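Quick one: the structure is below, questions incoming.
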Amino acid sequence: MLEEEVRTLVVGEEHTRQAATNGRCVFRMKRPTAERDTALIVLMLDTGISSGEASRLNIKDIDLGAGEIIIYLMAVHRGKQRVVSFRLERQHVA
């Protein structure tokens with residue numbers, strides 16, 4: 001993905017659509033899950049994990065000290081796993 005596409009994706013998920021306010025100021029509310037959603041998008045882009053793999057993550061699968069995540073493959077693969085590395089330091093995306 002191009003940097004511009006990533007920025008559009010992150011900014012798009014950060015706020016709700018514009019609210020019609022019957023003649024008052026038009027505004028967009030920040031989503032309560034915006035920070036979590038941004039972290040997941042950046043994690044998937046940085047590590048190459050799929051949305052399905054990200055949705056199956058548990059806190060115990062993440063080793064912040066080593067900068068590694070254990071990805072458990074689907075049940076069809078009978079308990080197989082792989083380890084992916086990530087960086088804790090991120091540049092601001094949006």
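Report, by residue number, each residue of segment 28-56 that is of a type in the set (Ser, Thr, Tyr) and at pLDDT below 85.
Listed by number, the residues that qualify are THR33, THR38.
Could you figure out which of (1) within 28 Å of ARG7 (Cβ to Cβ); (2) loosely packed, with under 14 Cβ neighbours inside 10 Å isn't true of GLY23?
Failing condition for GLY23: (1).
Just the residues that are in contact with a strand residue (DSSP E or B) (Cβ under 9 Å, 6 or more places away or on another chain) and small (Gly, Ala, Ser), please, taken from segment 18-35.
ALA19, ALA34
Still on this structure, I have one more. Pick from segment 19-62 the residues that are among the hydrophobic types (A, V, I, L, M, F, W, C) and part of a loop (DSSP other than H, G, I, E, B): which of them is nearest to ARG87 (Cα to Cα)?
First pass over segment 19-62, keeping only residues among the hydrophobic types (A, V, I, L, M, F, W, C): 19-20, 25-27, 29, 34, 39-45, 49, 54, 57, 59, 62.
Okay, now just the ones that are also part of a loop (DSSP other than H, G, I, E, B), so 20, 25-26, 29, 49, 57.
Numbers: ALA20: 41, CYS25: 41, VAL26: 38, MET29: 30, ILE49: 14, LEU57: 17 Å.
Checked segment 19-62; the qualifying residue nearest to ARG87 (Cα to Cα) is ILE49.
Filter segment 1-18 down to residues that are under 17 Å from ASP46 (Cα atoms) and part of a loop (DSSP other than H, G, I, E, B) and give me whichever is modelled with the lowest pLDDT. Full working, then the answer.
Taking segment 1-18 as the starting set, the residues that turn out to be under 17 Å from ASP46 (Cα atoms) are 1-10.
Filter once more, so that each one left must be part of a loop (DSSP other than H, G, I, E, B): 1-2.
Details: MET1: 62, LEU2: 72.
Residue satisfying both the conditions and the ranking: MET1.
Ok, one more. Pairs under 6 Å by beta carbon, first residue without any contact (Cβ under 8 Å) to a residue 24 or more places away in the chain and on the phi < 0 side of the Ramachandran plot in segment 50-79, partner loosely packed, with under 14 Cβ neighbours inside 10 Å and part of a strand (DSSP E or B), six or more apart or different chains?
GLU68/VAL83; GLU68/SER85; ILE70/GLN81; ILE70/VAL83; ILE71/ARG82; TYR72/GLN81
The values are calculated or read from the model by the stated rules, or taken from the named source; none is laboratory data. Keep in mind that this is a model prediction, so the values were computed, not measured. So basically every Cβ, Gly included, is an ideal-geometry build from the backbone, and we count neighbours across all protein chains shown.
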